[in-house]
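No value in this document is a laboratory result; all are computed from the given coordinates. These numbers were taken from a predicted model, which means no experiment stands behind them. Here Cβ is always computed from backbone atoms with ideal geometry, including for glycine, and neighbour counts include all displayed protein chains.
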Number of protein chains: 2
Amino acid sequence: MEYILSDRVQTLKPSAIREIFKYAADPTVVSLSAGNPAPEAFPVDAIREISAKIFEENPIAALQYSVTEGYAPLRKAVGDYMKKTHNIGRDFDDLIITSGAQQVMDLITKSMVNEGDTVICEAPSFIGSLNSFRSYNARLCGIPLESDGMNLELLEKALQTEKNVRFIYIIANFQNPSGVTTSLEKRKKIYELAKKYNVMILEDNPYGDLRISGENIPSIKSFDEDGIVAYAGSFSKVLSPGMRLGYVIAPKTVVQKMIVCKQGEDVHTNIWAQMVAHKFMTEYDFDGHLAKLREIYRKKANFCMDLLDKYIVPNKITYQRIDGGLFIWCKLPDGVDMADFCKQAVLRKVCVVPGNAFLTDEKEQCSSFRINFSTPTDEQLEKGIKILGELAKEIL
Amino acid sequence: MEYILSDRVQTLKPSAIREIFKYAADPTVVSLSAGNPAPEAFPVDAIREISAKIFEENPIAALQYSVTEGYAPLRKAVGDYMKKTHNIGRDFDDLIITSGAQQVMDLITKSMVNEGDTVICEAPSFIGSLNSFRSYNARLCGIPLESDGMNLELLEKALQTEKNVRFIYIIANFQNPSGVTTSLEKRKKIYELAKKYNVMILEDNPYGDLRISGENIPSIKSFDEDGIVAYAGSFSKVLSPGMRLGYVIAPKTVVQKMIVCKQGEDVHTNIWAQMVAHKFMTEYDFDGHLAKLREIYRKKANFCMDLLDKYIVPNKITYQRIDGGLFIWCKLPDGVDMADFCKQAVLRKVCVVPGNAFLTDEKEQCSSFRINFSTPTDEQLEKGIKILGELAKEIL
């Protein structure tokens, strides 16, 4: 049979990162290409204890169908926490639980973007979100990132010239892949521009709790008095990614449609996971856990940056220091063939992610690659970065 | 701000069943409107035991990111089981784990259906699936169900006249809402028609293991030597719906695109649930558990049908006896206002689902309603059906 596929998936490809994972599965290869939280960051004992308690006290509720919006006590716990600690959420907003923040990207696109409509995003940006937008045949318009966030002139130009722009997608803290944190000044200006041009903002904040230096910067959603920002949060980096738990805080009109779409996608999110997260947030020391995570990642990030300074930077690869998150963005000298560099690295058994994977058009020129420091052990990290340094020394 | 929503969600409404659930939440109301498995059908002790073991032996694997296709041991266990017990799956097929069978409906529509393309379905059919198709702006073409499956003449006519038909959606066993089981003869003819007109079949089989009488009928997928059938399976009725676990067995070309779409929707399905299901299938008496479920539902279904015969049928409401599943489809005399009957029932504190909720066009005339016997207790069932009988006696 000749299989007829929809237009929207004709050009959709598996994430380039996935392809690299195939090499990374080789145990002799040092993978700096993943984005997994450090295994020591999981509160295993707490989850074991909570899970046992749930199956002792309330097993049927943990196994039965539940409501699409999410487990009510978790919705309340997250809502209260975000309001109290981040000033996020107004009366015009609603909060629902999703199957990872990835599902927020999907549901909001499904609810707001017609085929051919435009989504503005940072360039580079998180490939998982870009693919989600692409899967609805959205047109992607990438705005170059500077060291403090998007280039605002180009953003305003895009808002003026692009047709049917439905939202601006932004990861304001420790962006994936660039590590860039958008400054408070730029956050405010982006908000004003969105308001001026009557366009929503989709603020994705998976790494916000993982700040390792500097002061917290208020999220864009925290100054949303106009109901123009949808905020995507995630439990993947602060509890467990395997649970697939995220949430969205956005104006009710939008959330109502997202709920209807979610009903047709997966009915609701795994209820056991929602009950675990609720108990972890309300009966355990959640803030203490976050502080512990920051300590883990502070050590790992600083160790990684020290290695980069020792082995790589002298060999002409540069990077911008990060204040949090899981990734460092390394730039090769102009004119160097980045794809070839990454390929040579694989041959020496080190995997990194070629930067063009994160562009709205993968064929565009890019001289950067992404490394991750949360997944590898310290030994693997040192081995991998040393090899990258040797490679750079030889071919640059 | 004026929120601009996509065309596909403009007319998409929350499921009518959801709206009815609002009444059903009133504890004084007897709800015959749900579709939840009976609480006594959950293997609580086994799940408690397996979950504890996982968090003892392998906690990181249960909490870390996993692969989009699903947990490899579960994929193998399901594949082997379906091949051995149902002759489902050929070399050209692949199997992936999904977040409930609901996600199969979503992913296959996303992968194969352009806006405006046609999906043929049974009329009536499961509203969750219809809404999933609708959410991609598919055109729905309903083929009237007879007591042994779709009207084949009308099916062939639709295949001849409808434009861009992408698949035929069918629940062959104990259909929701009608309870109808498609005969072997009709299954074969539907397969031949799909082949003749070069159209896929999406066979959804959430209730297949819940047969309470008669002989098993081979699934359409079991005679798929041409690679034209996608089979959706579910753990919701045989393990736990709250876990959100389903799977699809379909030709590789289609499954490959579904994987890419799933990546953008939820990355992967909750991994703890996949590990639990794997251990339950391979280390426990899975077939014995299914036999126990059939016994539970046999008792409940027969009890319900006895009540219908006692209180309802003499009052002019008719129904077709079922061989399995969770639902009974009750028909009012022609000319009676079904919506009004359901409303009167709610006023007397009994909830049923108005039949038009399951039509491709909810405004079409329908004289049936759906009742469920798996969720209510025996006492609730008797109370509810007795009230329906009294109502029928008074107003019919």
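What the table shows:
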quantity: Rounded to 5, percent antiparallel among DSSP beta bridges of the protein assembly as shown; calculated: 50
quantity: Ranking of A:Leu308, B:Leu347, B:Leu107 by count of other Cβ atoms within 10 Å, fewest first; calculated: B:Leu347, A:Leu308, B:Leu107
quantity: Bins of 10 Å, starting at 0 and running to the largest distance - Cα pair percent for segment A:290-337; calculated: 25, 46, 22, 6, 0
quantity: Mean-position separation - Cα centroids, segment A:184-210 and segment A:332-347, in angstrom; calculated: 33
quantity: Rounded, prolate or oblate (a/c below 1.5 giving rounded, otherwise prolate when a/b exceeds b/c) for the protein assembly as shown by Cα gyration tensor; calculated: prolate
quantity: GNM top mover of A:Pro333, A:Pro354, A:Pro218 - chain A, alpha-carbon springs below 10 Å; calculated: A:Pro333
quantity: Per-residue [θ]222 nm for chain B (sum of -39500 (n - 2.57) over DSSP H runs n ≥ 4, rounded to 500); calculated: -13000 deg cm²/dmol
quantity: For segment B:195-201, Karplus couplings with θ = phi - 60° (6.51, -1.76, 1.60), whole Hz, Gly/Pro x; calculated: 5, 4, 9, 6, 10, 6, 10
quantity: Within segment B:65-283: Cβ-based charge dipole about Cα centre, in debye rounded to nearest 20 (Lys, Arg +1; Asp, Glu -1); calculated: 240
quantity: Where N is the number of residues in chain A, Cα Rg divided by 2.2 N^0.38 Å; calculated: 0.98
quantity: Axis-nearest residue of A (beta carbon) for the A-onto-B rotation, whole Å; calculated: A:Asn270, 2
quantity: Chain A: relative contact order in percent, alpha carbon pairs under 8 Å with at least 6 residues between; calculated: 25
quantity: Highest-MSF residue in chain A out of A:Ala38, A:Ala101, A:Ala25 [GNM, Cα springs under 10 Å]; calculated: A:Ala25
quantity: Segment A:58-283 - percent relative contact order, Cα under 8 Å, separation 6 or more; calculated: 30
quantity: Cβ-vector label at 7 Å, A:Gln160, separations to other copies in nm; calculated: 6.0
quantity: For chain A, share of DSSP beta bridges that run antiparallel, in % to the nearest 5; calculated: 50
quantity: Percent of beta bridges antiparallel (DSSP, segment A:58-283, rounded to nearest 5); calculated: 40
quantity: Fewest-first sequence of B:Leu12, A:Leu396, B:Leu184 by Cβ atoms within 10 Å of each Cβ; calculated: A:Leu396, B:Leu184, B:Leu12
quantity: Out-of-range pairs (alpha-carbon distance over 19 Å; input B:Lys188/B:Lys292; A:Lys331/A:Lys393; A:Lys76/B:Lys262; B:Lys76/B:Lys252; B:Lys316/B:Lys393; B:Lys195/B:Lys262); calculated: B:Lys188/B:Lys292; A:Lys76/B:Lys262; B:Lys195/B:Lys262
quantity: Segment B:134-228: radius of gyration and largest Cα-Cα distance (Dmax), Å; calculated: 13.2, 39
quantity: B:Ile312, B:Ile395, B:Ile170 arranged by Cβ crowding within 10 Å, fewest neighbours leading; calculated: B:Ile395, B:Ile312, B:Ile170
quantity: Cβ-vector label at 7 Å, A:Glu57, separations to other copies in nm; calculated: 2.8
quantity: Sparsely packed trypsin sites (Lys or Arg not before Pro) within segment B:355-386, loop by DSSP, other Cβ within 10 Å at most 12; calculated: B:Lys363
quantity: Amide H partners (placed H, <5 Å) of A:Ile88, local residues excluded; calculated: A:Lys83
quantity: For segment B:119-124, 3J(HN,Hα) per residue [Karplus equation, 6.51 cos²θ - 1.76 cosθ + 1.60, θ = phi - 60°, Hz, x = Gly/Pro]; calculated: 10, 8, 9, 5, 10, x
quantity: Where only alpha carbons of segment A:58-283 are counted, the Rg and the Dmax (Å); calculated: 16.9, 55
quantity: At 7 Å out from Cα toward Cβ: A:Arg348 inter-copy label distances (nm, ascending); calculated: 8.2
quantity: C-alpha center-to-center spacing [segment B:293-312, segment A:124-175] in angstrom; calculated: 57
quantity: Extension reserve of the B:Lys343-B:Glu192 stretch, reckoned as 0.36 nm per residue once the Cα distance is removed; calculated: 50.1 nm
